[in-house]
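As structure tokens, the structure follows; a few thoughts come after it.
The values are calculated or read from the model by the stated rules, or taken from the named source; none is laboratory data. In this text, all values refer to a predicted model and were calculated from it rather than measured experimentally. Cβ atoms come from the backbone with ideal geometry, glycine included; neighbour counts cover every protein chain shown. Heavy atoms of the whole protein, side chains included, go into the accessibility calculation; ligands, DNA and RNA do not. Shrake-Rupley method; radii C 1.70, N 1.55, O 1.52, S 1.80 Å.
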Amino acid sequence: MLYMYSPEQNTGKSILYEGFKECFEPSGFAKADSAIKNESGFNKELYGSALCVIEETNLAGTPGVYGRLKAWVTSDTIQITKKGQDGFVTDNFTHWIMTTNNRDYLPIDPGDTRVVMWEVPPFAGAEVPREEMLSRLKCEAPHFLRQLYRLDISAAENRHTLPVLLTEEKQQAMTDAVLKRDFSGLPEIALKAVEAISKMSLPWTGTATELCGVLGDWDGRLESKSLRSRSTQLGMQMKRIEPTLDELDIRLKIKTGKNTTYSLSV
């Protein structure tokens, strides 16, 4: 599953799947927002679909979503359930794309091997009007398909799939999931410190004031609190969060003295 997000508008997230859509018969494409969130299991739109798209749907608070995705993304078969009819099992042809402006709309479990998460960078270049772009893609679709059919994959074994890449965005999402799940007992200010430190380039050594400067608005109080106050609060949390950082494979060494220093490494 390709999970693309960007807080920016007009980055081309939607046009990607709209272009691929031209390679399928209408029945081969499905908007899957309702199916993935339906707790009753109704998912008739997925029957026979090769490309399933979830767009701007927050799945974070929906029970069972990740479990359904795990089954639908990689299983050889899929259970199709239509309202008022008996369900049946059929071959699973689905391939998945999710687009959103918010990274947190899809929780990623640590160790996930199904989702490729990618932050789409802001668009730079000459903008092509949407209708013109779709027209070009529609003209290109048969040539693209012809090239695919010409590929010799007879020597390939197992599933004909691309490897699931571990991007920086996905690693951070999995780290955040661990924090929310395993360390929810920490005060909010301590969790914010851990989250900010987990995104740093390591190794690093310095004082609490220097660390506060590197982390930026780690506590959301950059505009309302002085640097001294925020640095003091950060220093007070460092010893408390040491075991949590250790669980995330981040080593913290504290050297006390006139100016206490903190060394962070992996």
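Out of Leu234, Leu264, Leu211, which single residue is surrounded by 14 or more Cβ atoms within 10 Å (Cβ to Cβ), modelled with pLDDT of 90 or more and outside any helix (DSSP H, G or I)? Quick ask: steps written out before the conclusion?
Values: Leu234 fails: outside any helix (DSSP H, G or I); Leu211 fails: outside any helix (DSSP H, G or I).
Being surrounded by 14 or more Cβ atoms within 10 Å (Cβ to Cβ), modelled with pLDDT of 90 or more and outside any helix (DSSP H, G or I) holds for just one of Leu234, Leu264, Leu211, which is Leu264.
Could you tell me whether region 208-217 includes any residue that is touching a residue at least 60 places away in the same chain (Cβ under 8 Å) and not hydrophobic (A, V, I, L, M, F, W, C)? Outline the logic, then answer.
Filtering region 208-217 down to residues touching a residue at least 60 places away in the same chain (Cβ under 8 Å) leaves none.
The answer is no; no qualifying residue exists.
If only one of Ala156, Ala190 is among the aliphatic types (A, V, I, L, M), open to solvent by less than 100 Å² (accessible area, probe 1.4 Å) and at pLDDT below 85, which one is it? Before the answer, list the steps.
On the way: Ala190 fails: at pLDDT below 85.
The conditions single out Ala156.
Can you tell which of Arg146, Arg150, Arg136, Arg114 is within 27 Å of Gly28 (Cβ to Cβ), in contact with a helix residue (DSSP H, G or I) (Cβ under 7 Å, 6 or more places away or on another chain) and among the basic types (Lys, Arg)? Lay out the reasoning, then the answer.
Working: Arg146 fails: in contact with a helix residue (DSSP H, G or I) (Cβ under 7 Å, 6 or more places away or on another chain); Arg150 fails: in contact with a helix residue (DSSP H, G or I) (Cβ under 7 Å, 6 or more places away or on another chain); Arg136 fails: in contact with a helix residue (DSSP H, G or I) (Cβ under 7 Å, 6 or more places away or on another chain).
Unique residue meeting the criteria: Arg114.
Residues are listed down the side, and each one gets a yes or a no for (1) small (Gly, Ala, Ser); (2) within 24 Å of Ser6 (Cβ to Cβ); (3) without any contact (Cβ under 8 Å) to a residue 12 or more places away in the chain:
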{"position": "Trp72", "(1), (2), (3)": "no, no, no"}
{"position": "Thr77", "(1), (2), (3)": "no, no, no"}
{"position": "Lys83", "(1), (2), (3)": "no, no, no"}
{"position": "Asp86", "(1), (2), (3)": "no, no, yes"}
{"position": "Thr90", "(1), (2), (3)": "no, no, no"}
{"position": "Phe93", "(1), (2), (3)": "no, no, no"}
{"position": "Trp96", "(1), (2), (3)": "no, yes, no"}
{"position": "Pro110", "(1), (2), (3)": "no, yes, no"}
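Residue pairs, Cβ under 8 Å, 6 or more apart or interchain, first in region 246-258 and more than 17 Å from Leu234 (Cβ to Cβ), second exposed (fewer than 14 other Cβ atoms within 10 Å of the Cβ) and at pLDDT 85 or above. List them.
Qualifying pairs under 8 Å: Asp249/Val266; Arg251/Ser265; Arg251/Val266.
Within region 83-101, how many residues are open to solvent by less than 60 Å² (accessible area, probe 1.4 Å) and part of a loop (DSSP other than H, G, I, E, B)?
Going through region 83-101, the residues open to solvent by less than 60 Å² (accessible area, probe 1.4 Å) turn out to be 87, 90, 92, 94, 96-101.
Applying the additional criterion that residues be part of a loop (DSSP other than H, G, I, E, B) yields 87, 92, 94, 101.
Total satisfying the criteria: 4.
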